[in-house]
Each structure stands twice: as C-alpha cells, then as structure tokens.
Amino acid sequence: MACWPWTAFSSIFKLVGILAFYPWLDRFSHIIERITGSGIETAVTRLDPVLAEAGGAVALEAAWRAVLELAHGSVDAVRRRLIGEPVRYGPPVDAVRQIEQFLQSLSLETLDLGAFEPRLVRLCHALDHLNQLHDAVTRVPPDASGWQPPAGFDEGARALAAWLDITKHPEAAPKAAVFKAIGDASNQLADERTTGRDKILQDVALQRTPAETARSGLDLRGWADGTFYHAWRLAEPMRIASGNQPAAI
C-alpha cells in the first residue's frame, strides 16, 4: 500500500505525456519514414496481388514500370563504371523476385494474349538480362594502372546516359536513335575487345606494357563488352514491352 501513491503518480505522468505527444504522432511517423526510408512507395511496392488477379493492360503497365525502376539503378552503375567512377552496387534481389512472382500470378484469362503476349514475353526477357546485369555489376574489375580505356567506354556511357535521361519519365517514348546508339556502342565495345586484345598482347610481348597492366586491361574490356551487351538487351525488350512500339525486334 505504501507504494500506491508513487505507482499512481507514475501512471498519471505517463498518461499526461502520451496525451501531450499524441497530436504529433503522425508528423513524427513521417519524419521516421523519411529518415529510414520505410513507408516510401515505389513501382515495385505497388505490385499488389489484387492487381495481378485483375490482369489486363494495367497489370502489365505496373510490371513494366517496376522493371524500369530497377533497370535504372543497374544501368546507371554500368554508366558510372565506364567513365571511371568507382561502383559499389547491391542488386535488389528481393525486388526482382517480387516482380517475377507478380508476373507468374497474372490472371491470363483477363489478358487478350493476341495483344499482350509479346509485351509479357519481352518483360520476361528484360528480367533475364536484368538478373545477368546485376550479377555482372557485382563483379566489376579494378582499375588498370597506366591503362587507357578505349573510345567505346565513353561512347557507351553517353548512350546509356541518354536512355536514362529520357526514361526518367515512364510516359516518354525514347526515339529509335537512342536505342541505335546503345546498339552501336555495344558493337563497338565488342570490336574493341577483339582488336584491343591483339594490341595489348603485342605490347606485352615487346615489353611495352607490364603483364599485370595488360591483364587488368583485358579484364576490363571483357567486362565492359559483356555487361554492356546485357544493358542493351535489357533496354530493347523494355522498348517493346512498353506497349508503344511494334512487337518485332
């Protein structure tokens, strides 16, 4: 009984504190969400199962926007590496899995497959290249000391930058020239990988280039060629899956 006054005081004090703080709870929760990033809505989080059951063009559009959202991060990582910036990229594996599950749960009965099958198939192609791109971006070779990147690195970075810039707005339809620039840059990187390999090995044989520098240069050329190819083959299916383009590549 002797403790009752103190217990009552403590309870009343807490109650007064709660009542005083209550009007600020919503504002406080918003501050916490901004700090932690929780509660932020994205194209991926909007992939509701009810939307998948409803199907139709709206569900495909939602899936396309979610893939585009993830593609931006990985493609920009490739662009930054091509211009010599250090890249540390953690692939959003769970988000990709969520998109895949959403597509698998689509109600095909609600889709006009004659009209929507090409878009659905291209989305699956885009996701496959996105997964391979994620794997490649986690294995970026280190810089080669004393090694000068070929012209294809800059060309590729500019082509990806143009695609990233125009697709910041999902409603925009990139012109054919944007995709042609990416394709041309991919072909240039493939050519430079082959011709550059011969030149680098010749320089090693004639002792004009240290073997370690040569190996780093070869690794970077190989990485850029393969990774950029997946970026290109990701962008092209996304063009078709947007529904604004014809269904043939």
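Taken together, the values in this text are just the output of simple stated rules run on the coordinates, not laboratory data. These numbers were taken from a predicted model, which means no experiment stands behind them. For neighbour counting, all protein chains shown are included, and Cβ atoms are generated from backbone atoms with ideal geometry for every residue, glycine included.
At-a-glance table
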quantity: Under Karplus coefficients 6.51, -1.76 and 1.60, residue-wise ³J(HN,Hα) of region 76-82 in Hz, glycine/proline x; calculated: 5, 5, 5, 4, 5, 5, 5
quantity: Total formal charge among the other residues, if their Cβ is under 10 angstrom from that of Gly183, Lys/Arg +1 and Asp/Glu -1; calculated: 0
quantity: Using a Förster distance of 25 Å, the FRET efficiency for Arg88-Ala161 (Cβ separation, nearest 0.05); calculated: 0.80
quantity: Dipole of region 49-241, positive end: most advanced residue of Ala77, Ala211, Ala172 [Cβ charges, Cα centre]; calculated: Ala211
quantity: Neighbour-count order for Lys199, Lys175, fewest beta carbons within 10 angstrom listed first; calculated: Lys175, Lys199
quantity: Distance (nanometres) between label positions extended 7 Å along Cα→Cβ at Ala176 and Glu61; calculated: 2.6 nm
quantity: Peptide ranges 183-192, 128-137, 85-94, 113-122 listed from the most packed, as the mean C-beta count within 10 angstrom indicates; calculated: 128-137, 183-192, 113-122, 85-94
quantity: Charge sum, other residues only, whose C-beta stays under 15 Å from Asp94's C-beta, Lys/Arg counted +1 and Asp/Glu -1; calculated: -1
quantity: Kirkwood Rh (inverse of mean 1/r, distinct Cα pairs), region 49-241, angstrom; calculated: 17.9 Å
quantity: Under 15 Å from the Cα of Lys180 - aspartates and glutamates, other chains or at least 8 residues apart; calculated: Glu155, Glu236
quantity: Mean-position separation - Cα centroids, region 41-120 and region 134-170, in angstrom; calculated: 22 Å
quantity: Total formal charge among the other residues, if their Cβ is under 15 angstrom from that of Val204, Lys/Arg +1 and Asp/Glu -1; calculated: +1
quantity: FRET efficiency for Asp135 and Asp198, using Cβ-Cβ distance with R0 set to 22 Å, rounded to 0.05; calculated: 0.20
